[in-house]
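Peer 1: One structure, pasted below without further comment.
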Amino acid sequence: MKTLPEKIGLGGGCHWCTEAVFQALRGVGDVAQGFIRASAPDDSWSEAVIVTFDQSEIDVKTLIDIHLRTHASTSPHKFRGKYRSAIYVFDDKQRNRAEQDLQDLQADFEKPLVTQVLTHKGFKPSDVRFQNYYATDPERPFCQTYIDPKLQLLRTQFADHAAIQGNDFPRILLRD
């Protein structure tokens, strides 16, 4: 039985990086890159993505685990106004699940996670010239320095979920 797509917001560091990571996963149908805000006091716009996924192919806990491992989830970032380590939820059921998943995954980290579970209150997309940033030019120095290592982590630690093999990233990431 086919399940309906689900969505979750994820914020960490640069949304170019976050976008590329989640575009490279099987079961992810869309990654909207932009800025998300939550309820006060976290109502300032922060770089993030909204991931639309098929939970019969990849579950929320796996998405959260990948998210925690591909940004500074245990370190208060100096750009916290721009970057917020967060999981943006759309309802109470998703909040409870995300909070439990964070609690379960904490055991895998030496330091406490700073990632917050926040209620999604708004989204505005990035300028079109920044969308699909990695997919449109993976040879950019930024991509090679910051995004390539995260995609390599997917290949090694999350190979069962990676929709990428070798250097097929641009072809896979640019979905219709």
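Peer 1: Can you say whether Glu57 is surrounded by fewer than 24 Cβ atoms within 10 Å (Cβ to Cβ) and closer than 20 Å to Asp92 by Cβ, as far as the supplied structure shows? Outline the logic, then answer.
Peer 2: On the way: surrounded by fewer than 24 Cβ atoms within 10 Å (Cβ to Cβ): yes; closer than 20 Å to Asp92 by Cβ: no.
For Glu57, the condition - surrounded by fewer than 24 Cβ atoms within 10 Å (Cβ to Cβ) and closer than 20 Å to Asp92 by Cβ - is not met.
Peer 1: List every residue pair whose Cβ atoms sit under 6 Å apart, with the two residues 6 or more apart in sequence or on different chains, where the first one lies in segment 112-139 and is closer than 16 Å to Thr18 by Cα and free of Cβ contacts under 8 Å to residues at least 40 places away in the same chain and the second, anywhere, is not in a strand (DSSP E or B) and not aliphatic (A, V, I, L, M).
Peer 2: If the second residue must be not in a strand (DSSP E or B) and not aliphatic (A, V, I, L, M), the pairs left are Pro138/Phe169; Pro138/Pro170.
Peer 1: Please find, among Thr52, Thr3, the residue that is among the polar types (S, T, N, Q), closer than 19 Å to Ala135 by Cβ and in contact (Cβ under 8 Å) with a residue 40 or more places away in the chain. Break it down stepwise before answering.
Peer 2: Working: Thr3 fails: closer than 19 Å to Ala135 by Cβ.
The conditions single out Thr52.
Peer 1: Grab the helices (runs of 4 or more DSSP H) fully contained in segment 63-176, keeping just those with 1 or more residues being modelled with pLDDT under 95 and not hydrophobic (A, V, I, L, M, F, W, C).
Peer 2: Correct list: 133-136, 148-157, 169-173.
Peer 1: Something else about it: Mind listing whichever residues of segment 92-105 are free of Cβ contacts under 8 Å to residues at least 60 places away in the same chain and surrounded by 15 or more Cβ atoms within 10 Å (Cβ to Cβ)? Give the derivation first.
Peer 2: If we filter segment 92-105 for residues that are free of Cβ contacts under 8 Å to residues at least 60 places away in the same chain, which is where we start, we get 92-93, 95-97, 99-105.
Matches in segment 92-105: Arg95, Arg97, Asp101, Leu102, Leu105.
Peer 1: Going through segment 27-43 one residue at a time, which ones are touching a strand residue (DSSP E or B) at 6+ places or on another chain (Cβ under 7 Å) and of a type outside the set (Val, Ile, Thr)?
Peer 2: Applying the first criterion (touching a strand residue (DSSP E or B) at 6+ places or on another chain (Cβ under 7 Å)) to segment 27-43 yields 27-39, 42-43.
Within segment 27-43, Gly27, Gly29, Asp30, Ala32, Gln33, Gly34, Phe35, Arg37, Ala38, Ser39, Asp42, Asp43 meet the criteria.
The values are calculated or read from the model by the stated rules, or taken from the named source; none is laboratory data. A quick note: this is a predicted structure, and the numbers were derived from the prediction, not measured. Positions of Cβ are generated from backbone atoms using ideal geometry, with glycine treated the same way; all protein chains shown enter the neighbour counts.
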